[in-house]
Amino acid sequence: MNVPNNLLYSKEHEWVRIEGNKAFVGITDFAQNSLGDIVFVELPEIDSKIEAMSEAGVIESVKAVSPIYSPISGNICEINQNLEESPELLNSSPYDQFVFAVEMNEMLEKDALLNASEYEKLIEQA
């Protein structure tokens, strides 16, 4: 499994890339591999408020329907519109395709996320 060192991770298999006060959120290689071929992504509404670990959208694959959670609280400030037309991009390059971005309310929330080695231990136990 590919687990880049420059990202943070949730226990629900989302990755987070922090840029200033923005948190870009996507799904991990482990998540996309578990889901199989992704056929649809329901994206959150821009400017909507979100709480940490609440459902932000839905990913549908040929195997299952799975929620995507926001590991960070704040306002949805950006979505990846490419996923509306080409949801399979999450299968081919999960770390190059964010799903949404959050303007963070609380910078300390990132401290609750896992680093790459902690996430690798989590998926080894799965």
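The values are calculated or read from the model by the stated rules, or taken from the named source; none is laboratory data. As the structure is a prediction and not an experimental result, all values here were calculated from the model. Quick reminder, even Gly has a Cβ in these numbers, built from the backbone with ideal geometry, and neighbours come from all protein chains shown. Just the protein is used for accessible areas: all its heavy atoms, side chains included, with ligands, DNA and RNA removed. Shrake-Rupley method; radii C 1.70, N 1.55, O 1.52, S 1.80 Å.
Of note:
- Hits among lysines - C-alpha to C-alpha of Lys110 under 16 Å, sequence gap 8 or more where chains match: Lys11, Lys22
- The chain - percent of accessible surface contributed by carbon and sulfur, probe 1.4 Å: 43 percent
- Maximal additional length on extending the Met107-Leu122 stretch stands at 3.0 nm, based on 0.36 nm per residue less the C-alpha distance.
- Volume per residue of the convex hull around the Cα atoms, evaluated for region 1-125, comes out as 91 Å³.
- Potential extension, Glu78-Asn115 segment - 0.36 nm per residue separation minus Cα distance: 10.9 nm
- Local electrostatic count at Glu42 - Lys and Arg +1, Asp and Glu -1, tallied over other residues with Cβ under 13 Å: -4
- Region 11-38-region 52-126 distance, computed between alpha-carbon centres (Å): 3 Å
- Difference of contour (0.36 nm per residue) and Cα-Cα distance, Asn6 to Ile46: 11.8 nm
- Take each peptide in 82-91, 98-107, count the other Cβ atoms within 10 Å of every residue, and average; sorted highest first, the result is 98-107, 82-91.
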